[in-house]
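Everything below concerns the one structure shown next.
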Amino acid sequence: MSEIILSSRDLHLYYGKKEALKGIDLSINKGEITAMIGPSGCGKSTYLRSLNRMNDLIPNVTITGSVMYKGKDIYSPKTDTVDLRKEIGMVFQQPNPFPFSIYENVIYGLKLKGETNKQVLDQVVEESLRAASVWDDVKDKLHQSALSLSGGQQQRVCIARVLAVDPEIILLDEPTSALDPVSSGKIENTLLELKEKYTMIIVTHNMSQASRISDKTAFFLNGDLIEFDNTKKIFMNPSQKETEDYISGRFG
């Protein structure tokens, strides 16, 4: 029986007066990869960022409805957003390592928590970089700048940085769109390996990526959730004409 780990109910989001999300009802199962597809500007990244309150950082945003995580509404005034973002981590479109060493990047969140034991830090660095499939590339240069790595390696270090604080959910906003096909393939393989331990939600423009790695797919259009189902069904036999038109390349 699938366990729902995160769900939104009647989630509306406005930038000023413009309604960017129009009452999204969506439930995410634990231990699955959920893909969000749709044309640019359809609301999928906005929705993703609303799941760990990243939109709070944007001025003039109004959000109504609820996002329930572990039985609590993350938009409750009692929610500590720092703690929330440790549990629901985020990987961005452009690799964004901090301008310090690979090692310091990975332990960043642990140091914020107050962890100082070098043995613990060393172990977490190795485990996180291994889990992000980049340990063999960087194990001899942990104290070099993360900015000296290739784009694909930087993105995997950013994944390791999220893993180091042991999240429950990882949000990925087009994590491979800035990368070459080989690096993209490595990241996809990494995500499939991580699925045993984490729940992941990925926004992607890449249809074949969504069909390859996700269990469920949500199709967004103009701020509405048009269809949400098993990935195979969405791609082989969608129930909505707009979904079929988008997947077959008639627009978008």
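Taking Asp229, is it charged (D, E, K, R) and crowded, with 17+ Cβ neighbours inside 10 Å?
So Asp229 fits the description; yes.
Ser50: modelled with pLDDT of 95 or more, of a type in the set (S, T, N, Q) and in contact with a Ser or Thr (Cβ under 7 Å, 6 or more places away or on another chain), yes or no?
Here the answer is no, as Ser50 does not meet what is asked.
Counting residues that are under 17 Å from the mean Cα position of the chain (by Cα), which helices (runs of 4 or more DSSP H) fully inside the range 107-206 reach at least 3?
Of the helices (runs of 4 or more DSSP H) lying wholly inside the range 107-206, those with at least 3 residues that are under 17 Å from the mean Cα position of the chain (by Cα) span 151-164, 181-194.
Being on the phi < 0 side of the Ramachandran plot, at pLDDT 95 or above and surrounded by fewer than 21 Cβ atoms within 10 Å (Cβ to Cβ) is the filter here; which residues of the range 1-14 pass it?
Selection gives Ile4, Ile5, Ser7, Arg9, His12, Tyr14.
Would you confirm, using the coordinates I've provided, whether Ile58 is out of contact with any strand residue (DSSP E or B) (no Cβ under 6 Å at 6 or more places or on another chain), touching a residue at least 24 places away in the same chain (Cβ under 8 Å) and either surrounded by fewer than 22 Cβ atoms within 10 Å (Cβ to Cβ) or among the small types (Gly, Ala, Ser) (or both)?
In short, yes.
Which numbered condition trips up Glu19, out of (1) closer than 22 Å to Phe219 by Cβ; (2) modelled with pLDDT of 95 or more; (3) under 17 Å from the mean Cα position of the chain (by Cα); (4) of a type outside the set (Phe, Trp, Tyr)?
(3)
In this structure, is Leu48 under 20 Å from the mean Cα position of the chain (by Cα), surrounded by 13 or more Cβ atoms within 10 Å (Cβ to Cβ) and outside any strand (DSSP E or B)?
For Leu48, the condition - under 20 Å from the mean Cα position of the chain (by Cα), surrounded by 13 or more Cβ atoms within 10 Å (Cβ to Cβ) and outside any strand (DSSP E or B) - is met.
Table: residues versus (1) without any contact (Cβ under 8 Å) to a residue 40 or more places away in the chain; (2) of a type outside the set (A, V, I, L, M); (3) within 17 Å of Tyr108 (Cα to Cα).
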{"position": "Glu127", "(1), (2), (3)": "yes, yes, yes"}
{"position": "Lys139", "(1), (2), (3)": "yes, yes, no"}
{"position": "Ile159", "(1), (2), (3)": "no, no, yes"}
{"position": "Ser177", "(1), (2), (3)": "no, yes, no"}
{"position": "Met200", "(1), (2), (3)": "no, no, no"}
{"position": "Thr204", "(1), (2), (3)": "no, yes, no"}
{"position": "Met207", "(1), (2), (3)": "no, no, no"}
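Quick test for you: out of Met68, Met90, pick the one residue that is more than 26 Å from Ser177 (Cα to Cα) and surrounded by 13 or more Cβ atoms within 10 Å (Cβ to Cβ).
Met68
Among (1) in contact (Cβ under 8 Å) with a residue 12 or more places away in the chain; (2) out of contact with any strand residue (DSSP E or B) (no Cβ under 7 Å at 6 or more places or on another chain); (3) exposed (fewer than 15 other Cβ atoms within 10 Å of the Cβ), where does Arg53 come up short?
Failing condition for Arg53: (3).
The values are calculated or read from the model by the stated rules, or taken from the named source; none is laboratory data. Only a predicted model underlies this, so the values are computations on that prediction, with no experimental measurement involved. Glycine also receives a Cβ, built like all others from the backbone with ideal geometry; neighbour counts cover every protein chain displayed.
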